[in-house]
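Q: Here's a structure for you.
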Ligand SMILES: O=C(O)CCC(=O)C(=O)O
Ligand SMILES: [Fe+2]
């Protein structure tokens, strides 16, 4: 086995796990003679400090550790040398111990120890001091719940005071210190390499009322730059983890505690999104299961537990990863899921979705608002609905689907999500996407009342248009999205625009992860929009094949548009959605929930039968439709439409019916 002291570059990367941000502090600002204007001070003001929580009378209980002796010339050299010698001896003895443990683990897995040694291994020590707390010990934690981003952690409980707890069957189990033994913690890398046979354990540290506690954690980590993958001697064994770079899981912890919003995120800064996942079959304790999965997933997706805050520059925004948490609500409905009419226009039951999720006040996400609000509603039949509202700045639909998949996976016992999340993808170009224009312009528009209802375009129609297109376009294929959008655009144009010469605009919102080469696991925003402009006459009276072709063509131009003009920066003025929005009732915005993974979220081994978005959105300014909402067993493509005013509903439905 190769045992290496960490190289200095390794050391700085790993040790930056616990670093703080290099920002100027107030004293620094004061001494440099710069004037402390209220503007300068603004960024240091924390709105969330609750002064009522300060217990002045207990201030003398804070222990003072005098590390000054190390700087005292009389003792410094001698003390430092002793300290260094002890640490070096301890460290090299521990390396031997970990070597033996790894060899034994390899034996139990029936694999060649060399396969594990190859990844081996740097060591880092951390000394933990947990002072006692007389009054509120039970309300404090020495360490929040986490799993170790290591191969193995060897823990020395120096003064044998209890405090460490591990999570088992959803309960915390105190670990009794054994003065004769080191405690061995399995870390995330060993879980991956053993293909889940050794589980990385979630643990936390509580605080003692009377006794201080001192521990030394020795983290054994793989060398940076390598890859890590499951190793097994059983050829038919199902591989549960993907092969990944050693750095990948580290992205979890190494990202600094602030994340600047990318140009893709910014257009959505205050905009909420809501989706509903409907699970028909009962599972054991749905609320507890999802809550457990959520809290574990947030360890990996920690930016979601943060808050939006003003960034450094003018108008910049960032996510402060301050772990302030998310909202979780549970609710029960006293009817069976089948009896509930979710979006049925005729039944007048549109209220129900409003009760299935938590929303932001006034439908805007503010700086102090949580980035995610989740509600689980259990129906009398045992079926349940997971309603998720989130600040779109943190994730787009595909990103949220990935997060919810992790919630399901971690609820069912995996300790690491199958996809390692990445929130910052610096390889994504910084471009002002078209959608930002649309968002900005929308803010200036007066909200409108659109009629909201769901509608299903039957498979028979979709299939016949697809088949006809195939014959028409020399064997080219078209997608369900293209067909549904074409039908919708044509019917709506016929119903609402009477002048054949006035424009009819279509705005297609598209996930561009593939075009942009976004990293696997990236869950921030990566969507843009493509505007299609035609005269209303050509849309209303054209052959549906030609409309499908127009949509297809527009979609194919998206990569070019992104490359050539930065997604909108240099668009011809007449093509800017921002400018075109003045025709706003002539514009239809269409987004899709197809193939983004929401229907693959698995909770308790079950997938949702139906995925929905919020129908009635207050302050809706643009006519829009969300199409291709997954609905198992429904023969056709379901959609939520909020694209015509009440006076045009009959005409619009009439056109759709005529089509079918
Ligand atoms: O101090 C302890 O008991 C555990 C510390 C720990 O979990 C860690 O350092 O990662
Ligand atoms: Fe730990």
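Nothing in this text is a laboratory measurement; each read-out follows from the coordinates by a stated rule. Source: prediction; values computed, not measured. Ideal geometry is used to build each Cβ from the backbone, glycine not excepted, and the neighbour counts take in all protein chains shown.
Q: Which of 545, 116 has the fewest other C-beta atoms within 10 Å, and how do the rest follow up to the most? Spell out each step's value before the answer.
A: Numbers: 545 16, 116 23.
Fewest-to-most Cβ neighbours within 10 Å comes out as 545, 116.
Q: For the pair residue 108/residue 180, report the inter-label distance in nm, with labels modelled 7 Å from Cα in the Cβ direction.
A: That separation, rounded to one decimal, is 2.0 nm.
Q: List 409, 320 from most exposed to least, where exposure is judged by having the fewest other Cβ atoms within 10 Å.
A: Working: 409 21, 320 18.
Listing 409, 320 from fewest to most nearby Cβ atoms yields 320, 409.
Q: Continuing with the same structure: Please give the contour-minus-distance gain from residue 239 to residue 645: 0.36 nm per residue of separation, less the Cα-Cα distance, rounded to one decimal in nm.
A: Values: separation 406, 0.36 × 406 = 146.16 nm, distance 5.25 nm.
Full-extension gain reported as 140.9 nm.
Q: How much length is gained if the chain between residue 657 and residue 632 is pulled fully straight, taking 0.36 nm per residue apart and subtracting their Cα-Cα distance, in nm to one decimal? Please report the intermediate quantities before stating the final value.
A: Values: separation 25, 0.36 × 25 = 9.00 nm, distance 2.28 nm.
Computed gain between residue 657 and residue 632 is 6.7 nm.
Q: Using a Debye calculation, one point per C-alpha and no hydration shell, please list log10 I(q)/I(0) for segment 450-497 at q = 0.27 Å⁻¹ in order.
A: -1.05
Q: Now for a separate question. Calculate the translational D of segment 257-659 in whole µm² s⁻¹ from Stokes-Einstein, where the hydrodynamic radius comes from the Kirkwood formula applied to all Cα pairs, the temperature is 37 °C and the viscosity 0.692 mPa s. All intermediate terms of the calculation are to be shown ahead of the outcome.
A: Details: Rh = 21.8 Å.
In µm²/s, the coefficient is 151.
Q: On to the next question. Using label points projected 7 Å from each Cα along Cα→Cβ, tell me how many nm separate residue 158 and residue 140, to one decimal.
A: The answer from the label model is 1.7 nm.
Q: Once the Cβ-Cβ distance between residue 173 and residue 538 is put in as r, and R0 is 60 Å, what FRET efficiency do you end up with, to the nearest 0.05?
A: Values: r = 69 Å, r/R0 = 1.15.
Efficiency, rounded to the nearest 0.05: 0.30.
Q: Just the number, please: Stokes-Einstein D of segment 127-223 in µm²/s, Kirkwood Rh from C-alpha pairs, 4 °C, 1.567 mPa s. Write down the numbers at each step before the final one.
A: Values: Rh = 14.0 Å.
Once the numbers are plugged in, D ends up at 93 µm²/s.
Q: Just rank 424, 613, fewest to most, by other beta-carbon atoms within 10 angstrom.
A: On the way: 424 17, 613 21.
The order, fewest Cβ neighbours first, is 424, 613.
Q: Related question: Label residue 359 and residue 75 with points 7 Å out from Cα along Cα→Cβ: what is the distance between them in nm?
A: 6.4
Q: Restricting to segment 257-659, compute how many DSSP beta bridges are antiparallel as a %, nearest 5.
A: On the way: 48 of 64 bridges.
The antiparallel proportion sits near 75 percent.
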